[in-house]
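A short write-up of the structure that comes next.
The values are calculated or read from the model by the stated rules, or taken from the named source; none is laboratory data. Bear in mind the structure is a predicted one, so any value in this text is a computation, not a measurement. So basically every Cβ, Gly included, is an ideal-geometry build from the backbone, and we count neighbours across all protein chains shown.
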Amino acid sequence: MILRKIYRLFFPALGLLLAACSFPGQAEPTPTLPAATELPPPLPTPTAAPPRMLSICLGQEPRTLYPYGSPARSTWSVLEALYDGPIDTRGFTAQPVILEKLPSVSDGDARIQPVAVTTGQEVIDIDSELVSLAPGVTVLPAGCEDPGCAVTWDGSASLQMDQLTAAFKLKPGLQWSDGAPLTAADSVYSYHLASDPDTPVSKGISYRTVSYTALDDQTVEWVGVPGYFPYRLETLFWMPLPEHAWGSLASKDLLTAPESSQKPLGWGAYVVEEWTAGDHITLKKNPLYFRAEEGLPYFDTLVFRFLGEPFDNNLAGLLSGECDLIDQTTLLEEQIEPVLEAQTAGKLKVHVGQGPEWEQVSFGIAPSSYDDGIAPWGGDRPRFFGDVRTRKAFAYCMDRAEILRKPLENQTIIPVGFFPPGHPDFFDQPFIPFDPQAGGQLLDEVGWRDWDGDPATPRTAAGVANVLDGTPLAVNYVTTQAPLRVLIGQRLAESLGQCGIQMSVQTLNTGELYTPGDRGGVLFGRNFDLAEFSWESGMEPPCDLFKTGQIPAPGNNWLGVNITGYSSASYDAACLNLQQTRPGDTGRYTQAAAELQRIFAEDLPVIPLYFRMKVAATRPDFCGFEMDVSARTSLWSLETYNYGETCSNP
């Protein structure tokens with residue numbers, strides 16, 4: 001039709017023009033219609049770039065993708081693709097992701113002001129514990145920041161305490177992956193879910209929250225219990241969850257509902273497409289991701305594969321191309337030697353981080369059998385570790401450096417405090433080296449005698465306090481059945497033997513080792529000589545681990561975490577000083593953290609062995625991966641991952 005119109009309009013006019021321009025005696029040309037085959041060829045259609053896929057292999061399959069559903073270790077590896085932030089941690093410092101900024105007292109979006117308190121109101125007492133205000137309760141009144149000005153309430157006098165308020169503002173334009181706006185109300189909804197008894201998450205901060213409300217679509221305000229001043233205000237913001245999609249479901253139903261546990265909505269780089277149980281989870285790029293204008297993420301499809309925890313399954317998957325990245329849940333640290341060899345051969349890149357978890361040997365300083373008095377002649381276990389010199393002797397006699405060399409290939413270090421180098425609260429101090437002679441001298445001082453000079457026979461007591469003379473220095477060492485821990489126990493037994501200390505290694509399954517104290521558990525029932533396991537320091541010094549008030553016992557229903565039974569008035573005071581430091585008071589906080597670690601290193605309630613490694617591996621041409629041990633998972637920067645030629649210009 002279009003061609004005929006062109007002919008009718010164009011060619012009659014062309015004929016008139018040719019007639020007017022013809023020369024005398026010259027025949028008029030006869031116009032003809034060009035054949036269709038003589039039309040210009042159509043422009044080529046641009047070829048679309050082929051879809052790009054990223055494959056990440058995990059050590060285990062998640063049980064659920066519901067953030068409050070008692071997730072497995074690998075759950076957050078997947079959730080990093082769905083939720084970017086809301087707050088990331090880099091170098092042990094909080095970084096806002098979907099917030100405009102973090103509140104601070106200096107900026108005015110966090111403030112401390114006096115409020116009146118009265119009988120029955122929940123407050124924080126002098127020991128930093130949550131209590132109901134009643135006569136006899138000791139608190140820090142308004143304007144008071146240390147025990148020197150504390151008051152014990154008489155029940156009738158007017159009393160004011162300081163109260164913290166903090167405001168968090170979301171970035172504008174955030175959307176859930178279904179297109180609904182993400183608002184401050186979604187964070188308030190998340191707070192109520194986390195506070196619900198049917199939601200299996202810690203209630204520590206919820207209990208210390210007076211109110212958590214949306215001031216407008218972008219701003220949420222937290223108000224705390226009087227006297228509660230967490231140093232890190234980022235802990236007071238609850239990750240938004242989609243009320244518009246889940247609001248009709250009860251908290252307990254969200255634990256299993258498909259929309260929350262299998263395909264939860266997020267605001268991050270990817271959206272769950274399908275989950276094939278036992279094999280993989282497939283996600284697609286989220287076009288509504290708030291960083292999409294930056295060209296992120298670089299992949300159209302993301303697949304999480306489950307090859308099982310054995311490191312060789314995942315390593316083989318990486319070398320064969322089935323995996324582009326294998327994350328820290330695959331336990332590569334337990335076979336670090338072949339992983340490093342593969343890197344040397346150019347087959348992969350290894351990413352190693354240290355801590356903040358640290359493996360350590362706890363002393364059974366005060367077993368629960370001592371709670372009614374020490375009676376070594378009446379069947380109580382000998383008081384092996386009551387003298388700090390004995391604990392230091394054990395440190396001298398443990399060849400911890402050999403453990404780092406083999407089997408850990410010198411990829412981590414021995415802690416001297418709670419934190420690895422690079423942490424803002426790292427406190428450098430002298431390290432106790434392997435020195436059997438120095439250890440033997442300390443044991444002699446305490447009264448553990450080596451009568452025959454034969455290291456094959458243990459030393460015996462001669463004048464050791466609360467130990468019957470003739471008692472052999474023979475102790476039990478309990479740990480899990482993890483092969484690495486078993487090997488470490490054997491190595492330590494060999495080195496302790498050089499000091500005349502006899503140590504036998506006992507392994508228990510995880511359930512047995514961590515049985516609650518009220519059921520006679522080994523650790524939390526304080527029924528051990530030596531025990532190897534790990535603690536996590538995290539962002540702040542874990543001073544509760546060794547507070548007197550945290551010793552598990554019948555009086556606190558065996559809920560304490562100080563399983564060693566260590567008790568020190570100076571340590572308790574340093575811990576209290578740290579916990580009473582208010583947000584923004586960096587100088588006091590740093591000084592308190594250093595003092596706490598100094599006392600810890602001097603008293604040695606545990607022997608630090610090494611910072612646990614976080615190990616991940618990628619294909620050689622991978623970029624965008626940053627191992628940051630302070631982050632929620634090793635995949636915290638997942639949206640920036642790339643590989644191949646585009647890595648040079650991501």
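Details
- Out of GLY500, GLY489, one residue alone is free of Cβ contacts under 8 Å to residues at least 60 places away in the same chain and outside any strand (DSSP E or B). It is GLY489.
- The one condition in (1) assigned by TED's automatic domain parsing to the domain that holds THR75; (2) surrounded by fewer than 19 Cβ atoms within 10 Å (Cβ to Cβ); (3) in a helix (DSSP H, G or I) that MET627 fails to fulfil: (3)
One line per residue, one yes/no per condition, for (1) among the basic types (Lys, Arg); (2) over 40 Å from the mean Cα position of the chain (by Cα); (3) surrounded by fewer than 21 Cβ atoms within 10 Å (Cβ to Cβ):
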residue	(1), (2), (3)
THR412	no, no, no
VAL416	no, no, yes
PRO424	no, no, yes
GLN429	no, no, yes
ASP435	no, no, yes
ASP450	no, yes, yes
ALA462	no, yes, yes
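- Tally, over segment 565-596, of residues that are buried (at least 22 other Cβ atoms within 10 Å of the Cβ) and touching a strand residue (DSSP E or B) at 6+ places or on another chain (Cβ under 7 Å): 0
Yes or no, residue by residue, for (1) farther than 29 Å from THR590 by Cβ; (2) part of a loop (DSSP other than H, G, I, E, B); (3) at pLDDT below 90; (4) not aliphatic (A, V, I, L, M):
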position	(1), (2), (3), (4)
PHE385	yes, yes, no, yes
LEU404	no, no, no, no
ILE414	no, yes, no, no
ASP425	no, yes, no, yes
PRO433	no, yes, no, yes
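Every residue, every condition in (1) at pLDDT 95 or above; (2) over 30 Å from ALA277 (Cα atoms), yes or no:
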{"position": "THR37", "(1), (2)": "no, yes"}
{"position": "PRO46", "(1), (2)": "no, yes"}
{"position": "PRO67", "(1), (2)": "yes, no"}
{"position": "SER70", "(1), (2)": "no, no"}
{"position": "ASP84", "(1), (2)": "yes, no"}
{"position": "THR118", "(1), (2)": "yes, yes"}
{"position": "SER128", "(1), (2)": "no, yes"}
{"position": "LEU133", "(1), (2)": "yes, yes"}
{"position": "GLY136", "(1), (2)": "yes, yes"}
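- Subset of segment 75-95 [surrounded by fewer than 21 Cβ atoms within 10 Å (Cβ to Cβ), more than 15 Å from LEU170 (Cα to Cα) and among the aliphatic types (A, V, I, L, M)]: ALA94
- Whichever residue in segment 167-204 is aromatic (Phe, Trp, Tyr) and out of contact with any His (no Cβ under 8 Å at 6 or more places or on another chain) and, among such residues, is farthest from SER106 (Cα to Cα): TYR189
- Test: residue in segment 504-523 that is crowded, with 22+ Cβ neighbours inside 10 Å, in a strand (DSSP E or B) and either in contact (Cβ under 8 Å) with a residue 12 or more places away in the chain or not assigned by TED's automatic domain parsing to the domain that holds ILE551 (or both): no
- Cross-chain or 6+ apart pairs with Cβ under 6 Å, segment 412-437 first and over 30 Å from PRO455 (Cβ atoms), then surrounded by fewer than 20 Cβ atoms within 10 Å (Cβ to Cβ) and among the aromatic types (Phe, Trp, Tyr): GLY417/PHE427; PHE419/PHE426
- Residues satisfying the stated conditions in segment 126-153, i.e. touching a Ser or Thr at 6+ places or on another chain (Cβ under 7 Å) and under 16 Å from VAL210 (Cα atoms): LEU133
- The residues on offer are PRO608, PRO583, and the sole one that is assigned to a strand (DSSP E or B) and of a type outside the set (D, E, K, R) is PRO608.
- When restricted to residues that are small (Gly, Ala, Ser), part of a helix (DSSP H, G or I) and in contact (Cβ under 8 Å) with a residue 12 or more places away in the chain, segment 525-559 contains 1.
- For ARG381, the stated conditions hold: it is modelled with pLDDT of 90 or more, assigned to a loop (DSSP other than H, G, I, E, B) and charged (D, E, K, R).
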